Every structure is written in structure tokens, then in C-alpha cells.
Amino acid sequence: MRPAIFFDCDGVLNEEPGGHGVLGPDDVHLIPGAGQAVRTARDAGYLAIIVTNRAQVAKGFVTLAGLEGIFARLRDLLSRDGGIVDAIYFCPHHPERTPGGAPDFQIACECRKPGTLLFRRAVADFDIDVGRSVLIGDSLRDIGAGRAMGLKCYGVRTGFACRDVERYPDRTPPQADQMFADVGEAVAFCVSHPAKHGQAGQPD
Ligand SMILES: [Mg+2]
Ligand SMILES: [Zn+2]
């Protein structure tokens, strides 16, 4: 079994553009050091798995084919610095029925973070050692999902910087185990502190 680093995408590996998010390949701009961070993770024996909410599909802003183009650009940019991504798991859903959306994807699902289905799929597909695995995210939704999976949860100060507390108006938001300036710093810490944790996660 191998450990994994689960990376959120926008705000962690590439810039979070705000607004409706990344809508095409030209919106993908790497956060400096992201490719090297993915490379460092894999060199240390971690699988590099991206887990990303893509509600733009449900909202009708991006097609599944368009999403492939976005991910191809991201993989290409990361690989220029030696960062090879093992897999990308995405949630195309959103629970709201908005006009102009794609009805097939406008559902309440279990894969949209803080749901954990994307993570559970990855764990099954790659026989991942959850107890040695880590999540790196910029949103409290990422942290919530990582918590529910029992992962070590690291936040970054890029993107939403884990300050999106408005998503948790009526309860205490999940908290990162530790905060880092960016993904490069977070991965550097992961690989130099590979202690086995494996504590039971608190459901988000
Ligand atoms: Mg993000
Ligand atoms: Zn979903």
C-alpha cells in the first residue's frame, strides 16, 4: 500500500480565478512551485491524486469535454517541472437547479467535497494507505472532506486560504492541522514529517 497526497486543484496547484472559476485551458495558471511540489511528493513515494469539485459542469459553464481540456493543460504545465499526476477525480455535480444548467448533473451527490466519495474511489483504485495520507486544500470544504476521511489536513494560504467560513454559518468550521504559505511548503513538510497518524477522522 502507498500513501497519497490528495491535492485540491484551484487555489492549490493553480490560481483560483474567482467568479465562476476555471472555464477553459487559458484560465489555468500554476501557482509558483506547484509542479516541483508534485514531483517532490512522488519522489518521496506518495501518489499524487487531484480531487476537485467542478460545479461548472452542472451549472452549464463547462462541458465534460471542456473539462478534459482544462485537466490536460494542468497536467502539461505541472509536468514541465517534473510533476506527474497519478489521477484526477472530479465531481461535476451541484445540488441547485439553476437555469441554463445541465440537469443530469444538478443533483445532491456524495462526491462533491466535503463529501468523500472521490477520495473513497481513489483509495479503492490505488489501494491507498489512508493512515499515511495527507490532504492539501485551500477551502474549508477540502478540510472537511479530509477530516471525514481521517487524513492529515494541511491548508495553504493561497486561493481561499481556508478563510471561507461563510460556508459554515451555523456550526464550527473544520480546521486544518497546520497552515502553510503554499503547496510547495506544505509538501516539503509532508515529506520531512512522514509520521503515521491514522487517527479516526471526525465527520464534517
Ligand atoms: Mg480550491
Ligand atoms: Zn458529485
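Here are the numbers for this structure:
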| quantity | calculated |
| --- | --- |
| Chain lengthening between residue 96 and residue 161 when straightened (0.36 nm per residue, less Cα-Cα) | 20.9 nm |
| By accessible area with a 1.4 Å probe, ligands and nucleic acids excluded, highest first: order of 180, 160 | 160, 180 |
| Of 40, 63, 98, the one that fluctuates the most in a GNM where the chain has Cα springs shorter than 10 Å | 98 |
| Taking the chain and dividing mean pair separation by its residue count, relative contact order in percent (alpha carbons under 8 Å, at least six apart) | 24 |
| Probe 1.4 Å, accessible area per residue of region 52-186, Å² | 45 |
| Free-standing Cys residues across the chain, given no other cysteine C-beta under 4.7 angstrom | 9, 109, 153, 162, 190 |
| Extension reserve of the residue 84-residue 29 stretch, reckoned as 0.36 nm per residue once the Cα distance is removed | 18.1 nm |
| Residue 127 accessible area, assembled protein chains, probe 1.4 Å, Å² | 90 |
| Partners for residue 152 among lysines (Cα-Cα distance below 17 Å; same-chain residues under 8 apart left out) | 113, 196 |
| Accessible area, probe 1.4 Å, largest first, for residues 79, 133 | 79, 133 |
| Selection from 181, 130, 13, by position along the positive dipole direction of region 7-192 (Cβ) | 130 |
| Probe 1.4 Å - accessible area at residue 96, Å² to nearest ten | 110 |
| Accessible area of the chain belonging to carbon and sulfur atoms, whole % at 1.4 Å probe | 51 |
| Neighbour count of at most 12 Cβ within 10 Å plus DSSP loop: longest trypsin sites (Lys or Arg not before Pro)-free window in the chain | 1-79 |
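The values are calculated or read from the model by the stated rules, or taken from the named source; none is laboratory data. Bear in mind the structure is a predicted one, so any value in this text is a computation, not a measurement. FYI the Cβ positions are ideal-geometry reconstructions off the backbone, even for glycines, and counts take in every protein chain you see. Please note that ligands, DNA and RNA were not included when accessible areas were found on the heavy atoms of the full protein model with its side chains. Shrake-Rupley method; radii C 1.70, N 1.55, O 1.52, S 1.80 Å.
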